[in-house]
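Structure first, then comments.
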Amino acid sequence: MWLMLAGMTACEQDVLVSGNPSGSAVTAVETAAAMEIETANAGTIQLDSYDGRWLVVNFWAQWCAPCRIEIPELNELNKREGIQVFGVDFDRHQDAELAQVIDKMAIEFPVLYDERLGDLTLPWPSVLPVTYLVRDGRIVETLQGPQTQEGLLEMMSEEPTEIAGN
């Protein structure tokens with residue numbers, strides 16, 4: 001069905017999906033597109049497949065020594081059930097250059113091309129490394145400095161008393 005919708009106008013899509021030209025189908029198509037995230041090293045992923053999981057989004061750079069130290073911790077954390085780690089290259093490398101940096105740093109988790117996580121746009125950090133803990137589409141915690149798997153697991157085991165950010 002998505003293939004059919006791609007070649008149709010918004011009005012035609014709406015009539016096909018809902019039976020009337022109210023504009024709701026455009027929202028459905030846009031929402032479906034927002035749930036797809038293109039990564040540098042894991043292809044296109046469906047963000048809604050991570051519902052109910054903790055999302056850990058780490059901003060890093062190749063020149064950042066603390067970032068290089070925490071990458072193995074994040075690789076291990078990403079192997080745990082109920083948690084998905086994403087990375088964002090602070091220097092915004094693209095294509096082959098980004099692939100080389102990911103390989104050199106031995107990053108095993110998906111790397112996003114920008115700071116958008118579906119409908120959530122994360123604040124661009126002014127220091128590195130920065131890690132955002134996200135749950136149910138909201139930033140629960142913003143952490144500066146290198147993180148350990150143990151420390152992150154401890155934070156994720158606590159019930160947040162107040163949602164930070166969004």
Practice problem: Give the residue, chosen from Gln13, Gln84, Gln62, that is at pLDDT 95 or above and more than 29 Å from Arg138 (Cβ to Cβ). | Solution: Gln62
Practice problem: Just need a number here: residues in the stretch 114-149 that are among the hydrophobic types (A, V, I, L, M, F, W, C), touching a helix residue (DSSP H, G or I) at 6+ places or on another chain (Cβ under 8 Å) and modelled with pLDDT under 95. | Solution: 1
Quiz item: Taking the stretch 66-101 as the search range and keeping residues that are open to solvent by 40 Å² or more (accessible area, probe 1.4 Å) and of a type in the set (Gly, Ala, Ser), which one is farthest from Gly52 (Cα to Cα)?
Solution: Ala96
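The values are calculated or read from the model by the stated rules, or taken from the named source; none is laboratory data. The model shown is predicted, which means the values in this text are computed figures rather than measured ones. Methodologically, a virtual Cβ is constructed for each residue, glycine included, from the backbone with ideal geometry; neighbour enumeration extends over all protein chains shown. Surface accessibility is based on the protein's heavy atoms, side chains included, excluding ligands, DNA and RNA. Shrake-Rupley method; radii C 1.70, N 1.55, O 1.52, S 1.80 Å.
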